[in-house]
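Q: I'd like to ask you about the structure that follows.
The values are calculated or read from the model by the stated rules, or taken from the named source; none is laboratory data. Predicted, not measured: the structure shown is a model, and the values here were computed from it. Please note: Cβ atoms are built from the backbone with ideal geometry, for glycine as well, and neighbour counts cover all protein chains shown. Remember, those area values only see protein heavy atoms, side chains included, never the ligands or the DNA or RNA. Shrake-Rupley method; radii C 1.70, N 1.55, O 1.52, S 1.80 Å.
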Amino acid sequence: WKVLAGINLTPDTIGWTNITLAPRVPAKLEWVRARLNTVRGAVASSWRQLPERGFAYNFTVPIGSSAIVELPLSLVTANASEVLAGTNAVWEGGKFVPGVPGITGGRASKEGGVVLLAKAGSYKLRCA
């Protein structure tokens, strides 16, 4: 659950108040699903590669927690990619697009991928 699903406690925090979700998506692996029970509730992270391009990423952040969601450079590039929650864009044209409840911010990562900030809740993203 730590590497492929990317579920980790954010450094310098306690009690799973801040979670880092940083899934790794190897080319030859089609999907991953993991769930970790914490003192705040279940953290879930699952992804599957899409046949056309990109990947679908679902995650759950428990009540009382927030998450830094690091979408991998191998599939998402900050300048060229689009990240959707349902039909609503949260990342488009190299910029965070506000408007999806619970997704509070976004930025390009130093490596060129996309980082989103999420409050407690369940999310279904499509990255292309």
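Q: Can you list the HN-Hα couplings for region 100-114, worked out from phi with the Karplus curve (6.51, -1.76, 1.60; θ = phi - 60°), rounded to whole Hz and with x for Gly and Pro?
A: Computed from phi, the couplings for region 100-114 are 8, x, x, 8, 9, x, x, 7, 6, 7, 4, 7, x, x, 10 Hz.
Q: Oh, and also: Between A85, A27, A42, which gets the highest mean-square fluctuation from a Gaussian network model of the chain, Cα cutoff 10 Å?
A: With Cα springs under 10 Å in the chain, the top fluctuation among A85, A27, A42 is at A27.
Q: T10 to R107: extension gain in nm, 0.36 nm per residue of separation minus the Cα-Cα distance? Numbers along the way, then the final one.
A: Values: separation 97, 0.36 × 97 = 34.92 nm, distance 1.73 nm.
Gain on stretching T10 to R107: 33.2 nm.
Q: Here is a follow-up. Could you derive backbone 3J(HN,Hα) for region 24-37 from the dihedral phi with the Karplus parameters 6.51, -1.76 and 1.60 (θ = phi - 60°), listing whole Hz in sequence and x where the residue is Gly or Pro?
A: 10, 10, x, 4, 8, 10, 7, 7, 8, 9, 9, 9, 10, 7
Q: Which one of L36, L71, L84 has the biggest mean-square fluctuation once the chain is modelled by GNM with Cα springs under 10 Å?
A: Of L36, L71, L84, the Gaussian network model singles out L36 as fluctuating most.
Q: Can you pull the percent of region 3-128's accessible area that's carbon plus sulfur, 1.4 Å probe, other chains left in place? Mind dumping the intermediate values first?
A: Numbers: 3670 of 6740 Å².
That share works out to 55 percent.
Q: I've got another one for you. In whole angstrom, how far apart do the alpha carbon centroids of region 1-27 and region 84-123 sit?
A: 17 Å
Q: Translational diffusion coefficient of the chain at 25 °C, 0.890 mPa s, Stokes-Einstein with Kirkwood Rh over Cα pairs, in µm²/s as a whole number.
A: On the way: Rh = 14.4 Å.
Approximately 171 µm²/s, per Stokes-Einstein.
Q: While we're on this one: Counting other Cβ atoms within 10 Å of each Cβ, which trypsin sites (Lys or Arg not before Pro) in region 49-128 have at most 13 and sit in a DSSP loop?
A: Working: sites: R53, K95, R107, K110, K119, K124, R126; in loops: R53, K110.
For trypsin sites (Lys or Arg not before Pro) across region 49-128 that sit outside H, G, I, E and B with at most 13 neighbouring Cβ atoms in 10 Å, the list reads R53, K110.
Q: Kindly write out, for region 82-92 in residue order, the coupling ³J(HN,Hα) from the Karplus curve 6.51 cos²θ - 1.76 cosθ + 1.60 (θ = phi - 60°), rounded to whole Hz, with x marking Gly and Pro.
A: Each residue of region 82-92 in turn: 10, 10, 10, 10, x, 9, 9, 6, 10, 8, 7 Hz.
Q: Under a 5 Å amide H to amide H cut-off, with H placed in plane at 1.01 Å, what residues pair with I7 once short-range neighbours are removed?
A: K2, A22
Q: What residue among N18, N88, N37 shows peak mean-square fluctuation when the chain is described by a Gaussian network model with Cα springs under 10 Å?
A: N37
Q: Pulled fully out, how much extra length does the chain show between T38 and R24, if you take 0.36 nm times their separation in residues and subtract their Cα-Cα distance? List each step's numbers first, then the result.
A: Numbers: separation 14, 0.36 × 14 = 5.04 nm, distance 2.13 nm.
Length gained between T38 and R24: 2.9 nm.
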